[in-house]
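Just below is one structure, and these are the notes that go with it.
What follows draws every value from the coordinates through simple rules; no lab data is involved. Every value quoted in this text rests on a predicted model; they were computed, and no experiment measured them. All Cβ positions, even for glycine, are placed from backbone atoms using ideal geometry, and neighbour counts span all protein chains on display.
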Amino acid sequence: MRTRTKQIPIRVSEKELDTIERKADKCGLNREAYLRECALGVPLKEQPSADMKEVISQLRRIGINIQQVAVKANTSGLVDEPLYRQNYTELQSVIGKIMEVIY
């Protein structure tokens, strides 16, 4: 059974409807959920762009690699310098991509 049984009909212009639907889509919500959350004062965030999702994925992979280097360094007392430099270079590249996406 539905928990939301009450309706609130409202009238909007075509332009307002387009704006609401565009903003809802950016947040990953349907129109009703978007309007409900706006009315209830829920802070809304746009979903990350495809570029940002790729950057986040790359950062996770680099983080895992750096963690593996740290574990190896701690257990052996040595640092795999070529692997460390490779991860550092990748990290710098991803930071550059983040800056491009943000700015």
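Of all residues in the stretch 62-79, those satisfying the criterion of being within 22 Å of the chain's Cα centre (by Cα) and surrounded by 12 or more Cβ atoms within 10 Å (Cβ to Cβ) are 62, 63, 65, 66.
Among the residues making up the stretch 80-91, a single one is more than 12 Å from residue 62 (Cβ to Cβ) and surrounded by 14 or more Cβ atoms within 10 Å (Cβ to Cβ): 80.
Would you please list the contacts, defined by Cβ atoms under 6 Å and residues six or more apart or on different chains, that run from a residue in the stretch 33-51 that is assigned to a loop (DSSP other than H, G, I, E, B) to a residue that is among the basic types (Lys, Arg)? Going by the 6 Å Cβ cut-off, the qualifying pairs are 46/26.
Take the stretch 22-65 and flag every residue that is hydroxyl-bearing (Ser, Thr, Tyr) and in contact with a Leu (Cβ under 8 Å, 6 or more places away or on another chain). Matches in the stretch 22-65: 34 only.
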